[in-house]
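Heads up: the structure comes next, in structure tokens.
The values are calculated or read from the model by the stated rules, or taken from the named source; none is laboratory data. If you're wondering where the values come from, they're calculated on a predicted model, not measured in any experiment. Using ideal geometry, Cβ is built from the backbone for each residue, glycine included, and neighbour counts are taken over all protein chains shown.
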Amino acid sequence: MEAYMARIPGVQDVTSGYANGEGKNPTYEDVIRGDQGFAETVHVKYDPQQVSLQKLLESYFRVIDPTSLNKQGNDRGVQYRTGIYYTLSEDAKIIGQAVEAEQEKYDQPIVTEVMPLQNYYLAEEYHQDYLEKNPNGYCHIDMTVLDDLEIGIDPAQYPRPTDEQLKERLTDEQYAVTVNNDTEHAFSNEYWDNEEPGLYVDIATGEPLFTSRDKYDSGCGWPSFTKPIVPEVVTYTTDTSFGMERTEVRSRAGDIHLGHVFDDGPEDRGGKRYCINSVSIRFIPLDKMEEERYGYLLSFVE
């Protein structure tokens, strides 16, 4: 569960621990004995501007059986009961609503505990980042269920500067491409052959647009991607310039010209080729994403 929750964009830190039992400073051996009533838990810290409590609860319910008492997967015992333990009283209502909605999916009653967090202790160091330390270790959770989790990127966090401000901030070439729909030269631009892992953001606003995971060498001389990081961050218009009909790609928040999308991309990856001007985007290396406040999107790159 620790590794699963840590992969959710917007989650800042996850630690393993023991909660809602009796006694002080329990060891793992104390917990598995079951007589102190501790539950094995993960403590999740998250940025509510990037991921909501509702989304975290939805993710949690995807990988548990909330009707199963004191067991999950092959694990048995009171320490394996499902539970949601909150630290803010106002969260209780949100959690209650989530449980009610989840109950509609089951004939059996949900037995997941919902209580204030009490008597929480950090688990031993060898339990922290367990799957990272033991990549072949036991885990009954299917991490692929996160693949279709809808992650919101809020355009309000990336306001568009005025054209005057853009003219001051951008180079002449950047302005010509992003505002006047020009096109940079192929094979001599900054990112066409960049293979470093990281994130590509709108040069005007910083809104995340593409990732290195979806970048590929199309041979066209411009950065090419199979898809945007999420569909909503780009918009499309019909471009009839130069006697052709093409589909223009623009950024959502910045409303700047990015490039065009074509139907000659890799078939096994959706068949699309997003042909993007390097001057319309800025690259943020993987090891700089946290520093530049894009840490909530690390799972899209790693």
Among the numbered conditions (1) within 24 Å of Arg293 (Cβ to Cβ); (2) surrounded by fewer than 19 Cβ atoms within 10 Å (Cβ to Cβ), tell me where Val11 comes up short.
-> (2)
Going through the range 238-258 one residue at a time, which ones are of a type in the set (Val, Ile, Thr), part of a strand (DSSP E or B) and either surrounded by 12 or more Cβ atoms within 10 Å (Cβ to Cβ) or in contact (Cβ under 8 Å) with a residue 24 or more places away in the chain (or both)?
-> Thr247, Val249
Filtering the range 73-105 down to residues that are closer than 17 Å to Gly37 by Cβ and over 25 Å from the mean Cα position of the chain (by Cα), which residue is modelled with the lowest pLDDT?
-> Asp75
Inside the range 212-251, the number of residues satisfying the requirement of being within 20 Å of Leu286 (Cα to Cα) and basic (Lys, Arg) is 3
Specify the residue that is surrounded by the most Cβ atoms within 10 Å (Cβ to Cβ); the eligible residues are those in the range 277-302 that are among the aliphatic types (A, V, I, L, M) and not in a loop (DSSP other than H, G, I, E, B).
-> Ile281
Subset of the range 18-29 [surrounded by 17 or more Cβ atoms within 10 Å (Cβ to Cβ) and farther than 18 Å from Thr112 by Cβ] | Pro26
If we scan the range 166-176, do we find a residue that is over 20 Å from Gln50 (Cβ atoms) and surrounded by 21 or more Cβ atoms within 10 Å (Cβ to Cβ)?
-> yes
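Table: residues versus (1) over 13 Å from the mean Cα position of the chain (by Cα); (2) of a type outside the set (Ser, Thr, Tyr); (3) farther than 21 Å from Ile95 by Cα.
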| residue | (1), (2), (3) |
| --- | --- |
| Asp13 | yes, yes, no |
| Lys24 | yes, yes, yes |
| Gln36 | yes, yes, yes |
| Leu57 | yes, yes, no |
| Tyr60 | yes, no, no |
Pairs where the first residue, in the range 202-231, is modelled with pLDDT under 95 and buried (at least 21 other Cβ atoms within 10 Å of the Cβ) and the second is assigned to a strand (DSSP E or B) and among the aromatic types (Phe, Trp, Tyr), C-beta under 8 Å, 6+ apart | Ile229/Phe210
Residue satisfying condition, being within 24 Å of Gly295 (Cβ to Cβ), among the hydroxyl-bearing types (Ser, Thr, Tyr) and touching a residue at least 40 places away in the same chain (Cβ under 8 Å), within set Thr27, Thr41, Thr67 = Thr41
Here, strands (runs of 3 or more DSSP E) confined to the range 1-94 with at least 1 residues that are of a type in the set (D, E, K, R) and under 23 Å from Glu132 (Cα atoms) are 11-19, 39-46
